[in-house]
Amino acid sequence: MVQPLLQTQIDINAPVDKVWALISDFSRMPQWSPQCRLMKAFGPLRPGTRTINVNRRNFLYWPTTSTVTEVIPDKKLAFRVNTNNTIWSYELEPTENGTRVVESRHAENGVKAVPNLTVQTLFGGVPNFERELIDGMNTSLARIKAAAES
């Protein structure tokens, strides 16, 4: 069964606007995410903007599309992966020394049947895949932190 919420966070010693600039530039997503190989937005960053994405796991590549669902500059960015109906979000909040970033994968309404079957048959099952997603989220946040603090 798919977990309704996967979430990680990191504190970054950089101002919110600098971190926002990194996160809100979808073309840079492959620099952060170990799974993402391409994320191309069709239009300006706003709710309704669509993206095409290419993901990779070992030798397996697959395309997805996303739709931006929420943009609150310097605070929150969220998009729905249309293939499986999950929502990915980045929430930023100022801290005493910079910015806290919380990355989440929301699946409170479950995941569509075909992607769920794909995860079961090709990715070693949901628990294994979700562990990989958490590891990837932690890697993404660490890479964003390194870029923001450099």
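The values are calculated or read from the model by the stated rules, or taken from the named source; none is laboratory data. All values reported here derive from a predicted model rather than from experimental measurement. Methodologically, a virtual Cβ is constructed for each residue, glycine included, from the backbone with ideal geometry; neighbour enumeration extends over all protein chains shown. The accessibility values were calculated without ligands, DNA or RNA, using every heavy atom of the protein model including side chains. Shrake-Rupley method; radii C 1.70, N 1.55, O 1.52, S 1.80 Å.
Among the residues of segment 96-111, is there at least one that is over 13 Å from the mean Cα position of the chain (by Cα), open to solvent by 20 Å² or more (accessible area, probe 1.4 Å) and either within 19 Å of residue 35 (Cα to Cα) or of a type in the set (Phe, Trp, Tyr) (or both)? Yes, that holds for at least one residue. With respect to the conditions (1) surrounded by 15 or more Cβ atoms within 10 Å (Cβ to Cβ); (2) under 23 Å from residue 62 (Cα atoms), residue 127 lacks only one, and its number is (1).
Close Cβ contacts (under 9 Å, 6 or more residues apart or on different chains) running from residues in segment 20-33 that are free of Cβ contacts under 8 Å to residues at least 60 places away in the same chain to residues that are of a type in the set (Phe, Trp, Tyr) comprise 24/90; 26/79. Every test in (1) over 20 Å from residue 45 (Cβ atoms); (2) open to solvent by less than 70 Å² (accessible area, probe 1.4 Å) is passed by residue 59 save one, and that test is (2). Candidates 92, 38, 45, 77: the one that is assigned to a strand (DSSP E or B) and open to solvent by 40 Å² or more (accessible area, probe 1.4 Å) is 38.
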